[in-house]
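Each remark here refers to the structure printed beneath this line.
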Amino acid sequence: PKFHVDGTPFTGSWGRPQRDGPALRALTLMHYLREYNASHPSLWSSESSEDFFGPYYTAEMPPRSVIKADLEYVSHFWNQSSFDLWEEVEGLHFFNLMVSARSLKEGSDLARTFGDMGAAQWYKEQADHIESFLGKFWDAQKNHLVETLSSKRSGLDCALLLGSLHALP
């Protein structure tokens, strides 16, 4: 449910697509796998490892594992317009691209771990493209980063800070 500040229900249309979701889910699940693996290191080399890790990541295409599907989505659609973190503005957003770049960098490492070398290279290439693209968010006239490219808004938004924080490993 979505509400206005005064408590009345929001009945307008919802902003779609929201491209930050797959990147954030992939980051969360990759973090879970790292932590689980750290506390259960014998699982990695056991016969049941494929049963455990399979739902999270397998190299097969089309992707049927959740992390692989999310990384494929992010890697193919990061440069497409979407709605911002607040579901208000359509465009290209700093936050969305920051979480996309981080998910693809971590995804490249994960793909390499699972022997998915082609995907590892592709995810790294796309992360590098995003990092190059992020320079466009610097507005020399305003002398600061803007959250959304070509927006009539000031560009000052806490999504800049959140994107920066989410980009940290």
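For the reader, a short list of remarks on this structure follows.
- FRET efficiency for Glu35 and Lys142, using Cβ-Cβ distance with R0 set to 45 Å, rounded to 0.05: 0.65
- Chain lengthening between Leu149 and Leu168 when straightened (0.36 nm per residue, less Cα-Cα): 4.6 nm
- GNM remark for the chain: springs join alpha carbons under 10 Å apart, and the peak mean-square fluctuation among Trp14, Trp138, Trp122 falls on Trp14.
- Segment 73-118 and segment 1-29 have Cα centres spaced 17 Å apart.
- The count of lysine pairs in the chain that are at least 8 places apart or cross chains, and whose C-alpha atoms lie under 21 Å apart, stands at 7.
- Accessible area expressed per residue, the chain, with surrounding protein chains retained (probe 1.4 Å, Å²): 58 Å²
- Nearest-ten-degree value, helix 94-113 long axis tilted from longest Cα axis of the chain: 10 degrees
- Modelled this way, with points 7 Å down the Cα-to-C-beta line, the labels at Phe77 and Glu60 are 2.2 nm from one another.
- Rounded to the nearest 10 Å², the accessible area of Glu35 at probe 1.4 Å: 100 Å²
- Fraction of accessible area attributable to carbon and sulfur, segment 47-169 (%, probe 1.4 Å): 56 percent
- If R0 is taken as 22 Å, the Cβ-Cβ distance between Ser49 and Asp109 corresponds to a FRET efficiency of 0.80.
- In terms of the mean number of neighbouring beta-carbon atoms within 10 Å, the peptides 20-31, 98-109 order highest first as 98-109, 20-31.
- Between helix 20-39 and the chain: long-axis angle, C-alpha atoms, 0 to 90°, nearest 10: 40 degrees
The values are calculated or read from the model by the stated rules, or taken from the named source; none is laboratory data. None of these values were measured; they are calculated from a predicted model. Don't worry about glycine lacking a Cβ; one is built from the backbone with ideal geometry, like all the others, and counts go over all protein chains shown. We work out accessible area using only protein heavy atoms, side chains counted, and drop any ligands, DNA or RNA first. Shrake-Rupley method; radii C 1.70, N 1.55, O 1.52, S 1.80 Å.
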